[in-house]
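K.L.:
I have a structure I would like to understand better, so I am pasting it below and will then ask my questions one at a time.
The values are calculated or read from the model by the stated rules, or taken from the named source; none is laboratory data. Predicted, not measured: the structure shown is a model, and the values here were computed from it. Because the Cβ atoms are built from the backbone with ideal geometry, glycine has one as well, and the counts that use them run over all protein chains shown. Surface areas here come from the heavy atoms of the whole protein model, side chains and all, with no ligands, DNA or RNA. Shrake-Rupley method; radii C 1.70, N 1.55, O 1.52, S 1.80 Å.
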Amino acid sequence: MAETHVLFVEDDDVIREATQLALERDGFRVTAMPDGLSGLDAFRAQRPDIALLDVMLPGMDGVSLCRRIRDESTVPVIMLSARADSIDVVLGLEAGADDYVTKPFDGAVLMARIRAVLRRFGHAGGPGAGERGEDGPDDGGLLAFGDLEVDTDGMEVRKGGAPVALTPTEMRLLLEFSSAPGTVLSRDKLLERVWDYGWGGDTRVVDVHVQRLRAKIGQDRIETVRGFGYKLKS
């Protein structure tokens, strides 16, 4: 099996070199770049399996780089942020990142997040596609919610007959909602099922992805149940 190729863009030489060594020891193939512009060039030339982007980068910041990557690809993106409460976290998620890790990070945590994202993308038909876990939604059938159609076999979504382009994370989120329409799903449950978090996580990840999903399938299709979570209107 081919090695998973990681694009790692980080301007701090010590962090970049130490993290690259750790990733390579864990079996990943790594392309490490020191700034956003060279990172974009490397992405376009090499098409990695996953991108790790520091938020603060010279030339082109990580949020802008994430947005450029997302314009061209659904490859998974993890942002690296120096502060958990930074607005940069939300900006990165809104730009299309799938998850984020706070610096300074523990190597084991980073590896776990990378593997969780890759498993999630495989389940959504991305690199390394595999079978959906037993707690996930059913694979078969065409589901309809008003003018919204979800083809769980072909992993396609249509609204009013027109195709809707979703990232694999957005697709898995919609599959969770569509497997139980009208049922309230808590943020913690969505973190567990969609982001594969066996531990606590930042619910902002869920909130931003729900916002992105609403923008694509209709603002009123997913309802907020204050204090509990979200539900798909059946």
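K.L.:
Put +1 on the Cβ of each Lys and Arg and -1 on the Cβ of each Asp and Glu in the chain; which of Gly160, Val55, Ala22 then has its Cα farthest toward the positive end of the dipole?
P.N.:
Most positive-ward Cα: Gly160.
K.L.:
Suppose every Lys and Arg Cβ carries +1 and every Asp and Glu Cβ carries -1, with no other charges. What dipole size does segment 173-234 come out with about its Cα centre, to the nearest 20 debye?
P.N.:
240 debye
K.L.:
Assuming R0 = 22 Å, can you tell me the calculated FRET efficiency for the pair Lys189 and Lys233, based on Cβ-Cβ distance, to the nearest 0.05?
P.N.:
After rounding to 0.05, the efficiency reads 0.75.
K.L.:
Moving on to the next point. Can you give me the P(r) profile for segment 180-234? Cα pairs, bins 5 angstrom wide beginning at 0, each as a whole percent.
P.N.:
Bins of 5 Å from zero give 4, 20, 29, 28, 14, 3, 0 percent of pairs.
K.L.:
Same structure, new question: So how strong a dipole does the chain carry about its Cα centre when Lys and Arg Cβ are +1 and Asp and Glu Cβ are -1, to the nearest 20 debye?
P.N.:
In total the dipole reaches around 560 debye.
K.L.:
Could you tell me the calculated FRET efficiency between Val14 and Glu72, based on Cβ-Cβ distance and R0 = 35 angstrom, to the nearest 0.05?
P.N.:
0.70
K.L.:
Here's another thing I want to ask about it. From the C-alpha gyration tensor of segment 158-206, pull out the three semi-axes of the equivalent ellipsoid (sqrt of 5λ each), sorted largest to smallest, in whole Å.
P.N.:
23, 13, 8
K.L.:
Just the accessible area per residue of the chain, please: how many Å² with a 1.4 Å probe?
P.N.:
Here the residues of the chain average 46 Å² of exposed surface.
K.L.:
Considering only protein heavy atoms and a probe of 1.4 Å, how much of the accessible area of segment 177-234 is carbon and sulfur, as a whole percent?
P.N.:
Carbon and sulfur together cover 45 percent of it.
K.L.:
For segment 21-79, which whole-number percentage of the solvent-accessible area (1.4 Å probe, protein heavy atoms only) is attributable to carbon and sulfur atoms?
P.N.:
Here it works out to 50 percent.
K.L.:
Using a Förster radius of 25 Å, what is the FRET efficiency between Leu37 and Phe105 based on their Cβ-Cβ separation? Nearest 0.05, please.
P.N.:
E(calc), rounded to 0.05, equals 0.55.
K.L.:
Would you list Phe177, Phe228 from the most to the least accessible area, probe 1.4 Å?
P.N.:
Listed by decreasing accessible area, they come as Phe228, Phe177.
K.L.:
Can I ask one more? Would you kindly state how much longer the chain becomes between Leu142 and Arg204 on full extension, computed as 0.36 nm times their sequence separation minus their alpha carbon distance, in nm to one decimal?
P.N.:
Numbers: separation 62, 0.36 × 62 = 22.32 nm, distance 3.01 nm.
Computed gain between Leu142 and Arg204 is 19.3 nm.
K.L.:
In addition: Taking a ≥ b ≥ c as the square roots of the Cα gyration tensor eigenvalues, with a/c under 1.5 meaning rounded and otherwise prolate when a/b beats b/c, else oblate, which class fits segment 63-114?
P.N.:
Judged from the Cα gyration tensor, segment 63-114 comes out oblate (a/c at least 1.5, b/c at or above a/b).
K.L.:
Rg and Dmax of segment 1-86 over Cα atoms: what are they, in angstrom?
P.N.:
Using the Cα atoms of segment 1-86, the pair Rg, Dmax is 12.1, 39 Å.
K.L.:
Also, quick follow-up: If you put +1 on each Lys and Arg Cβ and -1 on each Asp and Glu Cβ, how big is the dipole of segment 79-118 around its Cα centre, in Debye rounded to 20?
P.N.:
On the way: 4 positive and 6 negative charges, 35 e Å.
Rounded to the nearest 20 debye, it is 160 debye.
K.L.:
For the ranges 141-149, 114-122, what's the packing order if you count other beta-carbon atoms within 10 Å of each residue, average per peptide, and put the highest first?
P.N.:
On the way: 141-149: 15.2, 114-122: 19.1.
Descending mean neighbour count gives 114-122, 141-149.
K.L.:
222 nm [θ] for the chain, helices only, -39500 (n - 2.57) per DSSP H run of 4+, per residue, to 500?
P.N.:
-12500 deg cm²/dmol
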